[in-house]
Amino acid sequence: MSSEVLPSYLAGRWQAGSGETVEVLDAATGEPVTRVGAAGLDLGSAVAQARTTGRNSLRELDFHARAELLGGVADALKQRREELYGWSARAGCTRRDAAFDVDGGIGTTAYYAGLGRRELPAGTVILEDEPVRLGRGGTFAGRHLLTTPDGICLQINAFNFPVWGLLEKLAPAVLAGVPTIVKAATPTAYVAAHAVRIIVDSGLLPPGVLQFVAGDVRGLLDTLGGQDRIAFTGSAATGAVIRSHPAVTRHGVHVNVEADSLNACVLGPDAAPATAEFGLFVDTVVTELTLKTGQKCTAVRRALVPREWAAAAADAIAARLAQVVVGAPEAERVTMGPLVGRAQRDDVRAVAQRIAAVGKLVHGDPGRVEPVGADADRGAFLAPLLIQVDDPGRPEPHELEPFGPVTTLLPYRSPQELPALLARGGGALVGSIVSADHRFAAALVREAAPWQGRLLVLDAGCAGESTGHGTVMPQLIHGGPGRAGGGQELGGLRAVHGLMRRTAVQGSPDLLATLADSSGHETTDDASR
Ligand code: NAP
């Protein structure tokens, strides 16, 4: 396999950087896959192309035409998804992991295509609400108008979802008429590059609508202004660096941050070991710990169980983890692949050991793994680890994020402790409550909600159709407060509205009606009534 420099797609052509590069290795074999670097690339021309060609071509299309493009993009990716699975395997993904990323991204794109066709007007601007009467005589009113900003969206993505991360941001941006430049995370940039290649090969998106950088974009950030947006996904530490970038602080570049999250899953006091809910809790913890080798921003890091059932929960989870087969992602029988790289594996191991130092390891040995079909010394393998910390007040499980196959079991004494324990994560993307006691669950939802982006209440009645703790649905918002970044993505049309610029327009009801007519909206004269 070659280790040539991975090309970026800028100003209408694939071009490789010429300076310093970072070598990226296969997660399982340690063989070189590619080298990543953007030195020598003219990122300024890419921004200029997005601002002119990309912007103008999208403006010539109304929402419905943009939705058609997205539908075509989803189809093109679907037809070639096996290629994406193949590249994902090099990054350590089993087929199930790859499907989560690749099919999740395609599904989200298709969802936005449908939403655009069904729920957006046949124009290029959105009148958000009904006119509001502002004068007694009914001659003066106001209304909110959403227009496409004169800017671009710079996506800066995390390594763990190279396809979904790209598409879940691209789809609303295309609908909103905003050209995109994608900066992929170095460890999996080749997977994202292949998704972009499929889209470019399809010829569907007009020039300048989608560009792609493999490598450093710090210089590009300097060119951003007040109509631009950075959509960042990654660690809280990098998010803080981006938020304090001079372009952001001086020019008011809009920044959306999706960051770390110490997500919790709570077993309700009603869910004794023999109940269906106890089984659902064990399933949730095991799935979240092993899917994508635990490298999911939404994975369960803190599993809270009633103290009297801690031993039963530990035994049940450990028994399931004992069946996990770690190894080369495409080898037979393997159910969990390696982490994305050895540096990542070493970080996760070190963080897990810091948490285990204040508790005990219930399952797995951070220093020992025997991968199937692979060499433990060459690949980034780690056994699944279950830690138990008997004092749930300890800071470590609530503050340290082991971004890999690691969960900490935290026994609680009373349900009254739960809201404070959930909040100890400092703001999370998602939390789960597994309980058939709806009074208990509803009370906890009310108390815990300010600290959670999404809350799943799982019981035997809804489990059959539940999309699960870790799955981000495009219909619902994704993003959490505080440590999780305070950002918001997806959530149906909210994502499209969020990318557009909201202006309050005031004038006569007739002016507002004319605005509605010329925007493809049905006329309403509510304000004059
Ligand atoms: P990361 O190290 O913070 O990197 C994220 C992205 O930022 C990468 O593309 C990285 O590029 C880029 N970057 C780093 N320094 C930069 C700078 N100074 N200026 C501009 N870009 C810069 O995170 P990661 O290791 O890829 O991803 C793992 C983390 O992401 C975990 O903490 C996880 O919780 C979080 N995550 C959150 C979500 C969510 O939706 N909230 C989703 C997935 C992951 P390089 O790779 O080239 O350095």
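Working from Cα positions, state the angle (0 to 90°, nearest 10) between the long axis of helix 509-518 and the longest principal axis of the chain.
That works out to roughly 70 degrees.
How do 294-300, 457-463 rank on mean C-beta neighbours within 10 Å, highest first?
Peptide ranking by packing, descending: 294-300, 457-463.
Return the inverse of the average 1/r over all pairs of distinct C-alpha atoms in the stretch 216-292, which is the Kirkwood hydrodynamic radius, in Å to one decimal.
That comes to 15.7 Å for the stretch 216-292.
Which residues' amide hydrogens lie under 5 Å from the amide hydrogen of residue 454, considering only partners 5 or more residues apart or on another chain, with H built in the peptide plane?
Those lying under 5 Å, H to H, from residue 454 are 430, 431.
What aspartates and glutamates sit close enough to residue 78 to cross-link, taking a C-alpha to C-alpha distance under 12 Å and skipping anything fewer than 8 places away on the same chain?
Within reach: 103.
Enter the angle in degrees (range 0 to 90, nearest 10) between the Cα long axis of helix 63-79 and the first principal axis of the Cα atoms of the chain, meaning the one along which they spread out most.
Value to nearest ten degrees: 30.
Label the chain by shape, choosing from rounded, prolate and oblate, from the square roots a ≥ b ≥ c of the eigenvalues of the Cα gyration tensor; if a/c is under 1.5 it is rounded, and otherwise prolate applies when a/b is larger than b/c, oblate when it is not.
Oblate is the answer for the chain, as a/c is 1.5 or above yet b/c matches or exceeds a/b.
Could you sort 53-59, 378-384 so that the peptide with the highest average Cβ count within 10 Å comes first and the rest follow in order?
378-384, 53-59
So, counting K/R as plus one and D/E as minus one, what does the shell of residues with Cβ under 10 Å around residue 32 add up to?
-3
Given H placed on each backbone N at 1.01 Å, which residues far from residue 409 in sequence or on other chains put an amide H within less than 5 Å of it?
303, 387, 388, 389
Through the Karplus equation 6.51 cos²θ - 1.76 cosθ + 1.60, θ set to phi - 60°, convert the phi angles of the stretch 187-193 into ³J(HN,Hα) values in whole Hz; use x for Gly and Pro.
Once θ is set to phi - 60°, the couplings for the stretch 187-193 become x, 10, 4, 5, 6, 4, 4 Hz.
Leaving out ligands and nucleic acids, and using a 1.4 Å probe, what accessible area per residue does the stretch 88-226 come to in Å²?
Here the residues of the stretch 88-226 average 29 Å² of exposed surface.
Return the carbon/sulfur percentage of the accessible area of the chain, one whole number, probe 1.4 Å, all protein chains in place.
51 percent
The values are calculated or read from the model by the stated rules, or taken from the named source; none is laboratory data. None of these values were measured; they are calculated from a predicted model. Note that each Cβ is placed from the backbone with ideal geometry, even for glycine, and that neighbours are counted across all protein chains shown. Heads up: the accessible areas ignore ligands, DNA and RNA and are worked out on the full protein's heavy atoms, side chains in. Shrake-Rupley method; radii C 1.70, N 1.55, O 1.52, S 1.80 Å.
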